[in-house]
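I have placed the structure first, in the form of structure tokens, so that the comments after it can refer back to it.
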Amino acid sequence: MSSKGEYRVGIAGATGAVGSTILEVLAERKFPAAEVRPLASSRSAGRKVDFAGSQLEVQEMTDETIQGLDLILSSAGGKVSSEWALKWIEAGAVVVDNTSFWRMHDDVPLVVAGVNDDAAADHNGLVANPNCTTMQMMVALKPILDAVGIERLIVSTYQSVSGTGRNAIIELREQSEAVLKGKSVEPHVYPHQVAFNVLPQVENFKDGDDYTTEERKVMGETRKILGMSEDVGISATCARVPVVTGHSESINVQTAKDLSPEDCRELLSEFPGLVVLDDPGAGIYPLPIAAAGRDEVLVGRIRRDPSHERCLNLWVVGDNLRKGAATNAVQVAELLHQRDLVRVPAGASLS
């Protein structure tokens, strides 16, 4: 930390969709940074990235270029994080990791800012950012859990292509143009054409498992973040849709105590980071195009499930690159700063 109380911050994966958004959010929120150091692979070294009205040169991530940093915000992929996290910590940096590799490790807190802030205090040098799909759902469910408890969740997600990365955005645009011109398309990023289509598969199927790795993440991370026991039923189905930015979710929540749709709207409207848009007769409800570029999670279509007296249906939408990834990473960094937790505990290690 500098003498002015500002931090030297590294951005691992700075040239990716999430990394560039982290840089944008850091500047917007005026995070106290004395230095921002973009880091990436050798292929991206020397490129320029935008930050606070100027351009920074990307450095190759090496044992030398990670020295002297107080914080590293990483979105460089699970393989990179698995190889580099301990090196970052040993070099003296606290890591906020946006990859899936560390999330379910018992000694790694999985934090959604505004939902389970206190968990960050137990870090051993690394705090994990949840999956983007899980993230926005936690913001909507936390006030319900605290008020009336939750017995069961069924969630279906409709996820944008930017969750896969820049190449997926390019593929959607190129396929859309080709289809509109009557040309054939050949998928590369996804197993099938994504333009004008819906794919009932996000990530991969492991041998012997009918659920995708994304669906397993949503179910497992939800339990960890909200402290839910196995007694709480959770089921997820995740689909990829031809939308550039913004994940949408249909959530059916069975509560332990009764909660009317009217009381639910009031409860959610008072929770920080949530915006209730719920006048469907007037065409007012959350849309991905409305959520893009926003840090808030949007919720609407709040209604009673006619098949169960203690079930509600919600429609939840969020910008997967912002609150779903970059904004939460910066908010966690702010939380660490506010609570004087930007320090690697003595003897810190990860299992």
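By the helix-only formula, in which each DSSP H run with n ≥ 4 contributes -39500 (n - 2.57) and the sum is divided by residues, the chain has a 222 nm mean residue ellipticity of -8500 deg cm²/dmol.
The share of Cα pairs per 10 Å bin across the stretch 1-77, counted from zero up to the longest distance, runs 21, 57, 22, 1 percent. Scanning residues 5 or more positions from Ala239 or on other chains, those with amide H under 5 Å from its amide H are Thr157, Tyr158, Gln159, with H placed 1.01 Å from N in the peptide plane.
The residues of the chain expose, per residue, 44 Å² of accessible area to a 1.4 Å probe. Max-minus-min Cα coordinates of the chain on each principal axis give 60, 53, 44 Å, with the largest extent listed first. Potential lengthening of the chain between Glu177 and Ala256 amounts to 23.6 nm, from the contour at 0.36 nm per residue minus the alpha-carbon distance. The figure for His188 is an accessible area of roughly 140 square angstrom, using a 1.4 Å probe on the protein chains alone.
Using the crude model of +1 on Lys and Arg Cβ and -1 on Asp and Glu Cβ, and no other charge, please compute the dipole size for the chain relative to its Cα centre, in debye to 20.
720 debye
Residues whose amide H lies under 5 Å from that of Leu321, counting only those 5 or more places away or on a different chain, are Gly246; hydrogens are built 1.01 Å from N in the peptide plane.
The alpha-carbon atoms of the stretch 78-149 define a convex hull whose volume equals 86 cubic angstrom per residue. The angle separating the long axis of helix 213-226 from the principal Cα axis of greatest extent in the chain is about 90 degrees. Looking at the stretch 264-331, what % of its DSSP beta bridges pair antiparallel, to the nearest 5? Within the stretch 264-331, antiparallel bridges account for around 65 percent of the total. Between the stretch 250-266 and the stretch 108-156, how far is it from one alpha carbon centroid to the other, in angstrom? Comparing the Cα centres of the stretch 250-266 and the stretch 108-156, I get a distance of 18 Å. A crude spin-label estimate for the pair Lys79 and Ser42, with each label 7 Å from Cα along the Cβ direction, gives 1.5 nm. Report, as a whole number in µm² per second, the diffusion coefficient that Stokes-Einstein gives for the stretch 117-208 at 37 °C and 0.692 mPa s using the Kirkwood radius over alpha carbon pairs. In µm²/s, the coefficient is 196. To the nearest 0.05, what FRET efficiency results for Asp231 and Arg166 with a Förster distance of 35 Å applied to their C-beta separation? Computed FRET efficiency for Asp231 and Arg166 comes out at 0.25.
Given the stretch 142-261, what percent of its DSSP beta bridges are antiparallel, to the nearest 5?
Percent antiparallel among DSSP bridges in the stretch 142-261 is about 55.
Relative to the Cα centre, the charge distribution of the stretch 245-304, modelled as +1 at Lys and Arg Cβ and -1 at Asp and Glu Cβ, gives a dipole magnitude of about 220 debye.
Report, for the chain, the % of DSSP beta bridges that are antiparallel, rounded to 5.
Working: 28 of 59 bridges.
Bridges in the chain that DSSP calls antiparallel: roughly 45 percent.
Couplings for the stretch 186-197, taken from phi via the Karplus curve 6.51 cos²θ - 1.76 cosθ + 1.60 with θ = phi - 60°, read 10, x, 10, 6, 10, x, 9, 4, 9, 5, 6, 8 Hz in order; Gly and Pro are left as x. Go ahead and run the numbers for FRET between Glu186 and Glu57, Cβ-Cβ distance against an R0 of 45 Å, rounding to 0.05. After rounding to 0.05, the efficiency reads 0.80. Taking Asn98, Asn124, Asn197 as the candidate residues, the one with maximal mean-square fluctuation in a Gaussian network model of the chain, Cα springs under 10 Å, is Asn197. The simple Förster model, with R0 at 35 Å and r as the Cβ-Cβ distance, assigns Ile289 and Phe205 a FRET efficiency of 0.70. Multiplying the residue separation of Asp107 and Arg223 by 0.36 nm and subtracting their alpha-carbon distance yields 40.2 nm. Specify which residue in the list Ala17, Ala45, Phe31 is farthest towards the positive end of the charge dipole of the stretch 8-73, using unit charges on the beta carbon of Lys, Arg (+1) and Asp, Glu (-1), about the Cα centre. Result: Ala17, furthest along the dipole toward the positive end. Computed from Cα atoms, the angle from the helix 17-28 axis to the main principal axis of the chain rounds to 80 degrees. Remark: the stretch 110-166 carries a charge dipole of roughly 320 debye about the Cα centre, counting +1 on each Lys and Arg Cβ and -1 on each Asp and Glu Cβ.
Accessible area ranking (1.4 Å probe, heavy atoms, ligands and nucleic acids excluded), largest first, for Leu312, Leu350: Leu350, Leu312.
The values are calculated or read from the model by the stated rules, or taken from the named source; none is laboratory data. Predicted model only: the values in this text are computed from it and were never measured. All Cβ positions, even for glycine, are placed from backbone atoms using ideal geometry, and neighbour counts span all protein chains on display. Surface accessibility is based on the protein's heavy atoms, side chains included, excluding ligands, DNA and RNA. Shrake-Rupley method; radii C 1.70, N 1.55, O 1.52, S 1.80 Å.
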